[in-house]
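Structure first, then comments.
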Amino acid sequence: MLSVHEVTTAYQGLVAISSVSIEVAKGEIVCVAGANGAGKSTLLKSIAGAERPRAGSVTFDGARIDGLAQHIITARGIAYVPENRRLFPRLSVHDNLRLGSYMYRGETDRDAPLKLVFNLFPRLSERLEQRAETLSGGEQQMLAIGRALMTRPRLLMLDEPSQGIMPKLVDEIFAAVKQIRDAGMTVLIVEQRMAECLDIADRAYILQTGRVLMQGRAVDIKGNPDVRKAYLGL
Ligand code: ATP
């Protein structure tokens, strides 16, 4: 479904990811793990159209998407939840979700995605009129994911959904990611919390200083002695 081929992205000459290749098949949960500064966010931005790769290609459903504007990539079926979530802080939960659905062209049916969002995150349905800025960190992350789902994506990309969130809600969010896949979507998730991410993923990549260090089935990576020592603290 998604093919990132030898992508290099740089900021003012400073290379953040170098010749990175990853594949995501329909129906998979793929985790990209790595330490601070490994280039995880840059990889997602390069796919979402928020940064333009300097070299390489990104193909989605057989068509090149690198170089396209971000809203066009969204319309093609890729939803991206950035690290800082970018909610509309003064607007209610309900309005944030409604604005998400405006991005989806062609179909006016809002009910189906809304039902899915409320199913996944009952907390949101209890807080429809609450302003987004008054939600807890975990609830804001749920809202950011919910808003992305309102665009009815085929591929959902999440940048560190666990960041700054209390453990109980982290579990809820990871459980929701599995349900999102079970509802027919494909998920690409980048995380520093490797253990939890590997638990829900089918396959994983480890990024280190802008390059792919390792890739494979999530269970194999989790069992790899070097990974256990270097990344999982075991
Ligand atoms: P984190 O978990 O801290 O977000 P990350 O793995 O997502 O890390 P990136 O944010 O992709 O890593 O950063 C990769 C490298 O690119 C880092 O060295 C970072 O300082 C640099 N970088 C990221 N964004 C910019 C920017 N807008 N301008 C200049 N350098 C940047």
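For the reader, a short list of remarks on this structure follows.
- Subset of region 192-227 [basic (K, R) and surrounded by fewer than 20 Cβ atoms within 10 Å (Cβ to Cβ)]: R193, R211, R217
- Per the listing A75, A79, the residue uniquely in contact with a helix residue (DSSP H, G or I) (Cβ under 6 Å, 6 or more places away or on another chain), small (G, A, S) and touching a residue at least 24 places away in the same chain (Cβ under 8 Å) is A79.
- Extreme residue, surrounded by the fewest Cβ atoms within 10 Å (Cβ to Cβ), among residues of region 135-191 that are touching a residue at least 40 places away in the same chain (Cβ under 8 Å) and among the basic types (K, R): K178
- Scan of region 200-234 for residues that are without any contact (Cβ under 8 Å) to a residue 40 or more places away in the chain, under 26 Å from Q179 (Cα atoms) and in a strand (DSSP E or B), ordered by number: G216, R217
- Considering each residue of region 5-24 in turn, none proves to be more than 13 Å from the ligand (Cβ to nearest atom), within 16 Å of the chain's Cα centre (by Cα), over 25 Å from Q163 (Cα atoms) and modelled with pLDDT of 95 or more.
- Some residue of region 86-99 being away from the ligand (no atom under 16 Å from the Cβ) and touching a residue at least 60 places away in the same chain (Cβ under 8 Å): yes
The values are calculated or read from the model by the stated rules, or taken from the named source; none is laboratory data. A quick note: this is a predicted structure, and the numbers were derived from the prediction, not measured. Note that we place each Cβ from the backbone using ideal geometry, even for glycine, and neighbour counts take in every protein chain shown.
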